1. Tally Lys and Arg at +1 and Asp and Glu at -1 over the other residues with C-beta under 10 Å from the C-beta of Pro141: what net charge comes out?
2. What stretch of the chain, leaving out the sites themselves, is the longest with no trypsin sites (Lys or Arg not before Pro) in a DSSP loop having at most 15 other Cβ atoms within 10 Å?
3. About the Cα centre, and with charges only on the beta carbon of Lys, Arg (+1) and Asp, Glu (-1), how big is the dipole of the range 188-233? Nearest 20 debye, please.
4. Would you look at the GNM of the chain, springs on alpha carbons closer than 10 Å, and say which of Thr98, Thr66, Thr20 moves the most?
5. Please give the charge dipole size of the range 178-287, origin at the Cα centre, charges +1 on K and R Cβ atoms and -1 on D and E Cβ atoms. Round to the nearest 20 debye.
6. Would you mind checking which residues have amide H under 5 Å from Thr159's amide H? H placed 1.01 Å from N; only 5 or more apart, or other chain.
7. Once every DSSP H run of n ≥ 4 in the chain is given -39500 (n - 2.57) and the sum is divided by its residues, what mean residue ellipticity at 222 nm do you get, rounded to the nearest 500 deg cm²/dmol?
8. Compare Asp239, Asp58, Asp253 in a GNM of the chain, Cα atoms joined below 10 Å, and give the one with the largest fluctuation.
Amino acid sequence: MKPAAFSYHAPDSVDTAVATLAQHADDAKVIAGGQSLVPILAMRMSAFGHLVDIGRIDSLTGIDRTAEGLSIGAMTTQATVQRSADVAAVAPLLARATAFIGHFQIRNRGTIGGSLAHADPAAEYPAVARTLGAELELTGPNGSRRVAADDFFLGTWMTAAEPDEILTAVHFPAWQGKTGFAVREFARRHGDFALAGVTCGVQVEGDTIGRLAIGLFGVGSTPERASAAEQAATGASVDDLDLDDLAATAVADLDPAADLHAGAEHRKRIATALVREAVSAAVDEARQGSQREGANNV
């Protein structure tokens with residue numbers, strides 16, 4: 001199939017892009033890398049009278065390392081994120097998760113902002129953003145604002161962005177001290193959407209869990225945080241950590257949808273196993289003293 005007819009706009013500045021969105025209201029859609037939107041349009045799952053291509057806005061690309069962490073322009077490609085030494089040093093979970101996104105052809109065109117704004121609950125980047133405590137920067141007619149990743153994802157393909165706002169950057173805070181990170185997912189084939197996936201970050205203080213963050217994707221209408229499991233583990237001795245109990249707590253409140261790929265209970269069983277694996281790997285990395293290079297020396 002072919003997309004329905006639309007008018008194509010290619011602004012060269014954020015202000016012009018925002019003005020174009022405001023002019024056409026709900027009949028306009030931003031296109032970034034196009035790796036998710038183009039197939040949806042081609043299958044007539046959605047249609048818009050106006051597409052606003054932000055690919056020519058140079059200010060939306062780049063990775064800046066700051067004292068607080070990383071600021072990444074929304075049009076930065078996933079391949080650039082994957083290769084970045086700054087990302088590997090400050091936000092290794094982001095770099096590792098990128099390897100699971102589609103195939104290299106997809107990552108060469110797909111962008112970090114496009115993935116986050118698309119808000120597919122089975123995608124890796126939304127879960128990483130929630131796990132690391134990222135903030136998403138939105139720019140509209142009234143200027144820019146930041147939204148915490150926890151508040152950004154409202155449902156499948158639904159976000160807190162207004163129709164006349166553009167996601168312009170994402171900000172990742174640096175985790176301090178002895179930290180470990182892991183991402184695990186299960187898909188029928190590498191590059192397919194995950195039936196279930198887990199992103200994890202842990203900070204160890206001596207022999208104690210000082211901070212634990214667990215994100216889950218592919219098991220709900222939004223990327224989830226396993227808040228109850230995180231709270232139960234924080235302050236606990238690393239040696240006394242019961243991974244089976246922790247994993248069971250992490251998935252207890254999940255209500256994944258059943259589809260032709262997997263039933264709801266099957267997805268929960270997969271997620272349970274992945275939580276155990278991810279937390280164990282992240283804790284091991286932290287205990288080995290794998291202090292993130294540059295977290296304290298920017």
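1. Neighbourhood net charge equals -4.
2. So the longest stretch without any such site is 57-187.
3. So the dipole magnitude of the range 188-233 works out to roughly 240 debye.
4. Comparing Thr98, Thr66, Thr20 in the GNM, the peak value goes to Thr66.
5. So the magnitude is around 400 debye.
6. HN-HN under 5 Å from Thr159: Leu154.
7. Computed ellipticity for the chain at 222 nm equals -9500 deg cm²/dmol.
8. With Cα springs under 10 Å in the chain, the top fluctuation among Asp239, Asp58, Asp253 is at Asp239.
Read-outs: derived from the displayed coordinates by stated rules, not from any lab. Please read these numbers as outputs of a predicted model, since none were measured by experiment. So basically every Cβ, Gly included, is an ideal-geometry build from the backbone, and we count neighbours across all protein chains shown.
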